[in-house]
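Input: a single structure, listed below in structure tokens.
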Amino acid sequence: MALACVPGLAAVVALVLCAVVVDRTPGGARRPVAARAGTEHQAARPAIVPRERWLGDAAYTRPPTRYADRVSAVFVHHTDSPNGYDCADVPRIIRYLYVGQAGGRNWDDIGYNFLVDRCGTIYEGRAGGTDRPVVGAHTQGFNVGTTGIAAIGTFTAGVPVPKAMTDAIAAVAAWKLGLADIDPRAPVRLVSTNSLSKYRAGTRGTFTAVSGHTDGYWTACPGAALMARLPEIRQHAAHLQGRR
């Protein structure tokens, strides 16, 4: 059955279905790991709004951040929330998602590493440093060594996906993957850490470096419309890295 991610307080019962959980399995180092220097295809770091801009006074106590060795892949999500928002209200929307996940569900933080709104603004999600390989809680079995980027809205079949949003997703993907000199269009092999994913724990799955949530878990996230834009996003990200 195809299932969509439904974050927020109203969707507590969808916790297992959404599969945005913390992998408490080995593989995440406890100390920050610096990005590889001197890689050939580094993209520019896009402008990123720090989490303090949306967090306000809603912070919950959280355990220490976990880190991987590097980011080898990006998983794209949608938040399955309304699309007709004013971009000035996005900090409040993200704070609501955070309260639903870190508060209502007692997760260790918001699950996504980054969130992107329909105006193309990029927000820091999970704590730990945007330039670090922070282990998120966004793709069951494949949180270690990946970055989760959530498009704020619902992008099922036929729903327009703003170009500003896809450009912003491409910019984050190009930058994060470029730190390890990974082509966004290239195949990558990832080891599952959780048998609730599409792959048993310990087995390898082959993904494109920029993939959708549905590629790793039984879900419709990030929606058919956004999945259809992934080839364009990969190509744009590769161009930002200076690749042909």
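The values are calculated or read from the model by the stated rules, or taken from the named source; none is laboratory data. Keep in mind it's a predicted model, so treat the numbers as computed, not measured. We place every Cβ from the backbone using ideal geometry, glycine too, and count neighbours over all the protein chains shown.
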Item to complete: State whether the residues of the range 222-233 include one that is within 18 Å of residue 72 (Cα to Cα) and of a type in the set (Asp, Glu).
Response: no
Response to the item:
Among the residues of the range 19-56, the number that are at pLDDT below 90 and among the charged types (D, E, K, R) is 6
Practice prompt. Return yes when residue 106 is free of Cβ contacts under 8 Å to residues at least 24 places away in the same chain and either in a helix (DSSP H, G or I) or out of contact with any Ser or Thr (no Cβ under 7 Å at 6 or more places or on another chain) (or both) and no when it is not.
Written response: yes
Worksheet item: Out of (1) outside any strand (DSSP E or B); (2) crowded, with 18+ Cβ neighbours inside 10 Å, the odd one out for residue 188 is which?
Response: (1)
Worksheet, complete the sentence: With criteria (1) buried (at least 17 other Cβ atoms within 10 Å of the Cβ); (2) at pLDDT below 90; (3) closer than 23 Å to residue 178 by Cβ; (4) basic (Lys, Arg), residue 70 comes up short on (2)
